[in-house]
């Protein structure tokens, strides 16, 4: 993260003031994200999905796909949360979502088409299917 921070700002990694700037920005980000319910619940649900998928025993490999550096030709390309290799030999991508239906338990789960299309661009490049794992919070 520091390397990316330094590259974006043209700061040398050996620059002591760059390290201080990085720490200050991370402190602000932690305070902001720590108060954002969608971030808090989203990460929790994403982690819960990985443990449940592993416990079900149907996969050889489950890996976080949306972590680390990404170098891509199209700027409008988003990585799904996980890549999985099933015991049947199928490789799939899974995007995990936390859905709070508010007061309506049967509400439709809706995502913006731009978001879906950015995920599709990524999985289509690998010619693998995309699945959604949705945690219906009110059920």
Return a yes/no flag: does the range 106-129 have any residue that is within 23 Å of residue 53 (Cβ to Cβ), in a loop (DSSP other than H, G, I, E, B) and at pLDDT below 95. yes
Out of the range 1-57, which residues are surrounded by fewer than 12 Cβ atoms within 10 Å (Cβ to Cβ), under 22 Å from the mean Cα position of the chain (by Cα), at pLDDT 75 or above and farther than 24 Å from residue 93 by Cβ? 8, 27, 28
Which of the residues that make up the range 76-102 are in contact with a strand residue (DSSP E or B) (Cβ under 7 Å, 6 or more places away or on another chain) and free of Cβ contacts under 8 Å to residues at least 12 places away in the same chain? none
Looking across the range 82-105 at residues that are part of a loop (DSSP other than H, G, I, E, B) and modelled with pLDDT under 95, the single one that is nearest to the chain's Cα centre (by Cα) is 100
Filter the range 103-135 for residues that are exposed (fewer than 11 other Cβ atoms within 10 Å of the Cβ) and touching a residue at least 24 places away in the same chain (Cβ under 8 Å); which is farthest from residue 44 (Cα to Cα)? 114
Residues in the range 58-66: is at least one farther than 26 Å from residue 121 by Cα and either surrounded by 11 or more Cβ atoms within 10 Å (Cβ to Cβ) or at pLDDT 90 or above (or both)? yes
Within the group 129, 80, which residue is under 29 Å from residue 8 (Cα atoms) and touching a helix residue (DSSP H, G or I) at 6+ places or on another chain (Cβ under 8 Å)? 80
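The values are calculated or read from the model by the stated rules, or taken from the named source; none is laboratory data. Just so we're clear, the structure is a prediction, and the values are computed from it rather than from any experiment. Glycine gets a Cβ as well: all are built from the backbone with ideal geometry, and neighbour counts include every protein chain shown.
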